[in-house]
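Following this message is one structure expressed as structure tokens.
The values are calculated or read from the model by the stated rules, or taken from the named source; none is laboratory data. Computed from a predicted structure; not experimentally measured. Please note: Cβ atoms are built from the backbone with ideal geometry, for glycine as well, and neighbour counts cover all protein chains shown. These accessible areas exclude ligands, DNA and RNA; they are computed on the full protein's heavy atoms, side chains included. Shrake-Rupley method; radii C 1.70, N 1.55, O 1.52, S 1.80 Å.
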Amino acid sequence: MNLKEKHSALDIQKIRKDFPILSRKVNGKSLIYLDSGATAQKPKQVIDAITKYYSEQNANIHRGVHTLSQEITSAYENARATIQKHINAKHTHEIIFTSGTTESINLVATTFGKWLKPGDEILVTAMEHHSNILPWQQLCEEKSAVLKVIPINEKGELLLDEYKKLISSETKLISITHVSNTLGTINPVKEIISIAHAKNIPVLVDGAQAIPHMRINVQDLDTDFYCFSGHKVYGPTGVGILYGKEQWLRKLPNYQVGGGTIKTVSFAKTEYADIPLRFEAGTPNIEGGIGLAAAIDYVNEIGLENISVYEHELLEYATKKLSAIEGLKIIGTAKNKASVISFVIHGIHPYDMGIILDQLGIAVRTGHHCTQPIMDKFGLKGTVRVSLAFYNTKEEINKLVKGIIKAKEMLK
Ligand SMILES: *Cc1c(COP(=O)(O)O)cnc(C)c1O
């Protein structure tokens, strides 16, 4: 698909009406929400699904014979199937519900990590979110293993030749982000995975920033693990997904154990349940699973291709407009980007810019975006980050540009 030649088929004004929060005022101004990379807003379809769950369906799952419990168990399992289809996983039991990307990564680090030996190596990249650094860093400290980092260039692109050189006979796992939450870079994960698989090394992909913007096909990527959060794809907070290939999930040792993870328990011996339940201890976030499936249905109704095309149009428009502001420098200029733009302005602290934009009703993120190593690489304390979703418009970007120019005047 050539994104540049396509134009959006979306009716954005109609879509905006699905998101109640977009019509509220902030500091007396119409809200301009440009922080979807931190968390996306929720359409009424998701809010309604959650309301319906609590007003008509609430019961515990997998436990009761009564009607409510049976109904919600099948709704929850249908939600799992919706997610399986959405990312084209082969089996529903390859979809594990977690509390979010962070827990999904910790689950793999904790379980897979039990097999690590001193001197083993884990590879991550220089553009990871802290959630895809710290679980591995802690594991490597515990196991006397080594965490190695694939470097990036000045544009914020991975250095694939360096990656190939870093792989060794000690490399046990590669954990990479699909899309950088700070730089917007879309990494060539399929190629990275095929290079790793040629050496029989499994790969985990942090898809937190990819899932809202593009179609994910885990079988086509051939990834071993894929993680994402509900709240960044227009679903609720507190729910996320770990996809794992069946053969990996069956092999991994237990994570948290407790109610729901077993077949039979006695003090002499416990027999554990099959996947996925073996990894889902305790009463799960039922409303989260239901709400996430409603979000996935919503996104599919709009169409991921339509979303990609429109967001790319917004990205190009915003990049052009922002670049024209004197003293503004975009951090992250990779050839292949999602609709995330980080920037700094000469002589102005990102925090001050964020405060003034907020006065104008414009929500942007400022700071290190949970990626301090990227800030170190570029010699920065922080950036202003604009992350665009399909409910944003060019008019909003124009207002952002005006706001930035006004803030520059005030701060000079
Ligand atoms: C947000 C984010 C995470 C962490 O997600 P949580 O929902 O906070 O668990 C991890 N990686 C990336 C790239 C992210 O953007």
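Against the condition of a type outside the set (Phe, Trp, Tyr), open to solvent by less than 10 Å² (accessible area, probe 1.4 Å) and under 21 Å from Val384 (Cα atoms), how does Ala196 come out, does it pass?
no
I've got another one for you. Got a number for residues in the range 316-346 being touching a helix residue (DSSP H, G or I) at 6+ places or on another chain (Cβ under 6 Å) and exposed (fewer than 14 other Cβ atoms within 10 Å of the Cβ)?
0
Can we say Ser36 is touching a Ser or Thr at 6+ places or on another chain (Cβ under 6 Å) and open to solvent by less than 70 Å² (accessible area, probe 1.4 Å)?
yes
Test Ile307 against the criterion of being closer than 18 Å to Gly37 by Cβ and without any contact (Cβ under 8 Å) to a residue 60 or more places away in the chain, and give yes or no.
no
Name the one entry in Ile61, Ile32 that is out of contact with any strand residue (DSSP E or B) (no Cβ under 8 Å at 6 or more places or on another chain) and more than 16 Å from the ligand (Cβ to nearest atom).
Residue meeting the stated conditions: Ile61.
May I ask you to list the residues in the range 102-125 that are farther than 19 Å from Gln247 by Cα and either open to solvent by less than 10 Å² (accessible area, probe 1.4 Å) or away from the ligand (no atom under 13 Å from the Cβ) (or both)?
Across the range 102-125, the qualifying residues are Lys117, Pro118, Gly119, Asp120, Glu121, Ile122, Leu123, Val124, Thr125.
Quick test for you: out of Asp18, Asp11, pick the one residue that is in contact with a Pro (Cβ under 6 Å, 6 or more places away or on another chain) and either within 16 Å of the ligand (Cβ to nearest atom) or farther than 26 Å from Ile275 by Cβ (or both).
Asp18
Across the range 379-406, what is the number of residues that are in a helix (DSSP H, G or I) and either basic (Lys, Arg) or buried (at least 18 other Cβ atoms within 10 Å of the Cβ) (or both)?
9
Name every residue in the range 192-228 that is among the charged types (D, E, K, R) and within 23 Å of Lys85 (Cα to Cα), in order of residue number.
Hits for the range 192-228 are Asp206, Arg215, Asp220, Asp222, Asp224.
Inside the range 356-378, can you point out the residues that are touching a residue at least 60 places away in the same chain (Cβ under 8 Å), assigned to a helix (DSSP H, G or I) and not hydrophobic (A, V, I, L, M, F, W, C)?
Scanning the range 356-378 gives Asp358, Gln359, Gln372, Pro373, Lys377.
Here's a follow-up. Give the range 204-230 a look and list any residue that's away from the ligand (no atom under 11 Å from the Cβ), polar (S, T, N, Q) and buried (at least 24 other Cβ atoms within 10 Å of the Cβ), or say none.
Hit for the range 204-230 is Thr223, nothing else.
Is there a residue in the range 35-45 that is away from the ligand (no atom under 16 Å from the Cβ) and either among the small types (Gly, Ala, Ser) or touching a strand residue (DSSP E or B) at 6+ places or on another chain (Cβ under 9 Å) (or both)?
So far as the range 35-45 goes, no, none of its residues is away from the ligand (no atom under 16 Å from the Cβ) and either among the small types (Gly, Ala, Ser) or touching a strand residue (DSSP E or B) at 6+ places or on another chain (Cβ under 9 Å) (or both).
Looking only at the range 231-249, decide whether some residue is among the acidic types (Asp, Glu) and buried (at least 16 other Cβ atoms within 10 Å of the Cβ).
So far as the range 231-249 goes, no, none of its residues is among the acidic types (Asp, Glu) and buried (at least 16 other Cβ atoms within 10 Å of the Cβ).
Does at least one position in the range 77-89 carry a residue that is within 15 Å of the ligand (Cβ to nearest atom), within 19 Å of the chain's Cα centre (by Cα), of a type in the set (A, V, I, L, M) and buried (at least 23 other Cβ atoms within 10 Å of the Cβ)?
No, there is no match, as no residue in the range 77-89 is within 15 Å of the ligand (Cβ to nearest atom), within 19 Å of the chain's Cα centre (by Cα), of a type in the set (A, V, I, L, M) and buried (at least 23 other Cβ atoms within 10 Å of the Cβ).
Only one of (1) surrounded by fewer than 16 Cβ atoms within 10 Å (Cβ to Cβ); (2) closer than 24 Å to Phe19 by Cβ; (3) among the small types (Gly, Ala, Ser) is not met by Ser308, so which one is it?
Against the list (1) surrounded by fewer than 16 Cβ atoms within 10 Å (Cβ to Cβ); (2) closer than 24 Å to Phe19 by Cβ; (3) among the small types (Gly, Ala, Ser), Ser308 comes up short only on (1).
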